[in-house]
């Protein structure tokens, strides 16, 4: 797709390939044969998940002897794609600074639009950005424009992570933990809509709805909690987990209110809703009985288990949710971070279940998410170059 992106993609630098002749970020939509662009300009929600997949593939096969013949090319494209993502899909605030002294850096909605004028909470994936940062730290010596490029850009990645969490906090309803499909950043401008409101939109979805866009926020923030033990991510997920647990235990009705005007109906039966939303239940929710949290997780797990993978959007989220929930329950691989737990919690809260979905006689499908051993906050950056990320 990158090699077939020939229309104006608003990318004039930071290219990919051995000769750096191709856009790293493909046009967001192609025809079914993947031969011709239908929609132009890249989209960060798809790009960040695809780059993360490339990154995982490289790390999972790095120790093979011999390495696959494609390994070096994919490793280079993954590095160059991280660099292009930071360059083309995020933008500095003109005046405000992050805690490290760098400008606040907002995720854009595409290589050609969005940022401080219009945004989408579900596009923000702070755990991905930490992974991209650490990957660049590891592989800059091999694939960077300079050997120090990864270290030079690490503070910019950190600013993007901080800015993403800030937007997520301001867009979240305190009572329900839900977010709208679209959002105008409070520190942004009013070119499109009123700052601090769901005053902009796109993709044909209702801006103030918790729907097909907003549901994905739980998974993308969940990666940051599960892989990096992010206190900010865990704090974001806790009220959403409480809301989801109560809804599952009662009538499956998630709350509107705040700036959420509506919730997509029958969400529990829709793969692109139930799949990512379930991630909110994988992180310990302070003040919520862990047995109730686990029961809600098991309930949604059963539903997702029965969903077919027969279309790209719902099917993709069924597959992602399944991979996220399965396998963590095996003894000794449940990655609990002490930073998740509320200091007042005296019980053990775990990201995975000791019970089989569907009862004792059912196949054991344990809930939770364990990253590959080679992909941990302490090991990733040391993987190739001996540098540890934070």
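The values are calculated or read from the model by the stated rules, or taken from the named source; none is laboratory data. Here the structure is a predicted model, which means the values were calculated and not measured. Reconstructed Cβ throughout: ideal geometry from the backbone, glycine too, with neighbour counts over all protein chains shown.
Among the numbered conditions (1) modelled with pLDDT of 95 or more; (2) touching a strand residue (DSSP E or B) at 6+ places or on another chain (Cβ under 7 Å), the only one that residue 129 does not meet is (2). Filtering segment 189-222 to residues that are in contact with a helix residue (DSSP H, G or I) (Cβ under 9 Å, 6 or more places away or on another chain) and under 30 Å from residue 94 (Cβ atoms) leaves 196, 198, 205, 213, 214, 216, 217, 220, 221. When residue 198 is tested against (1) surrounded by fewer than 23 Cβ atoms within 10 Å (Cβ to Cβ); (2) within 29 Å of residue 117 (Cα to Cα); (3) over 17 Å from the mean Cα position of the chain (by Cα), just one condition goes unmet, and that condition is (1). When residue 148 is tested against the conditions (1) in contact (Cβ under 8 Å) with a residue 40 or more places away in the chain; (2) over 18 Å from residue 220 (Cα atoms); (3) surrounded by fewer than 24 Cβ atoms within 10 Å (Cβ to Cβ), the lone failure is (1).
Which ones in segment 100-115 are in a strand (DSSP E or B), within 18 Å of the chain's Cα centre (by Cα) and under 20 Å from residue 26 (Cα atoms)? Within segment 100-115, 107, 110 meet the criteria.
State yes or no: is residue 204 more than 14 Å from residue 114 (Cα to Cα), touching a residue at least 60 places away in the same chain (Cβ under 8 Å) and out of contact with any strand residue (DSSP E or B) (no Cβ under 8 Å at 6 or more places or on another chain)? Talk me through it step by step, then tell me what you get.
On the way: more than 14 Å from residue 114 (Cα to Cα): yes; touching a residue at least 60 places away in the same chain (Cβ under 8 Å): no; out of contact with any strand residue (DSSP E or B) (no Cβ under 8 Å at 6 or more places or on another chain): yes.
Spelling it out, it is not the case that residue 204 is more than 14 Å from residue 114 (Cα to Cα), touching a residue at least 60 places away in the same chain (Cβ under 8 Å) and out of contact with any strand residue (DSSP E or B) (no Cβ under 8 Å at 6 or more places or on another chain).
Residue check: is residue 57 buried (at least 22 other Cβ atoms within 10 Å of the Cβ), under 23 Å from the mean Cα position of the chain (by Cα) and modelled with pLDDT of 80 or more? So residue 57 fails the test. Residue 20 fulfils the conditions (1) surrounded by 18 or more Cβ atoms within 10 Å (Cβ to Cβ); (2) not in a strand (DSSP E or B) except for a single criterion, (1). Residue check: is residue 219 under 29 Å from residue 157 (Cβ atoms) and either buried (at least 18 other Cβ atoms within 10 Å of the Cβ) or at pLDDT below 95 (or both)? Yes, satisfied. Being farther than 30 Å from residue 170 by Cα, modelled with pLDDT of 95 or more and assigned to a loop (DSSP other than H, G, I, E, B) is the requirement here; does residue 68 meet it? When the stated conditions are applied, residue 68 passes them. For segment 288-325, taking the residues that are over 27 Å from residue 250 (Cβ atoms), modelled with pLDDT under 90 and not in a helix (DSSP H, G or I), the one that is farthest from the chain's Cα centre (by Cα) is identified as 310. Residue 335 meets all of the listed conditions (1) modelled with pLDDT of 90 or more; (2) within 26 Å of residue 50 (Cα to Cα); (3) in a loop (DSSP other than H, G, I, E, B) but one, namely (1). Here segment 60-78 is the region considered, the condition is being out of contact with any strand residue (DSSP E or B) (no Cβ under 9 Å at 6 or more places or on another chain) and touching a residue at least 12 places away in the same chain (Cβ under 8 Å), and the residue that is surrounded by the most Cβ atoms within 10 Å (Cβ to Cβ) is 78.
Consider residue 136 carefully, then state whether it is in a strand (DSSP E or B), touching a helix residue (DSSP H, G or I) at 6+ places or on another chain (Cβ under 8 Å) and either touching a residue at least 40 places away in the same chain (Cβ under 8 Å) or more than 21 Å from residue 228 (Cβ to Cβ) (or both). Even if it seems obvious, please write down each step before you answer.
On the way: in a strand (DSSP E or B): no; touching a helix residue (DSSP H, G or I) at 6+ places or on another chain (Cβ under 8 Å): yes; either touching a residue at least 40 places away in the same chain (Cβ under 8 Å) or more than 21 Å from residue 228 (Cβ to Cβ) (or both): yes.
It is false that residue 136 is in a strand (DSSP E or B), touching a helix residue (DSSP H, G or I) at 6+ places or on another chain (Cβ under 8 Å) and either touching a residue at least 40 places away in the same chain (Cβ under 8 Å) or more than 21 Å from residue 228 (Cβ to Cβ) (or both).
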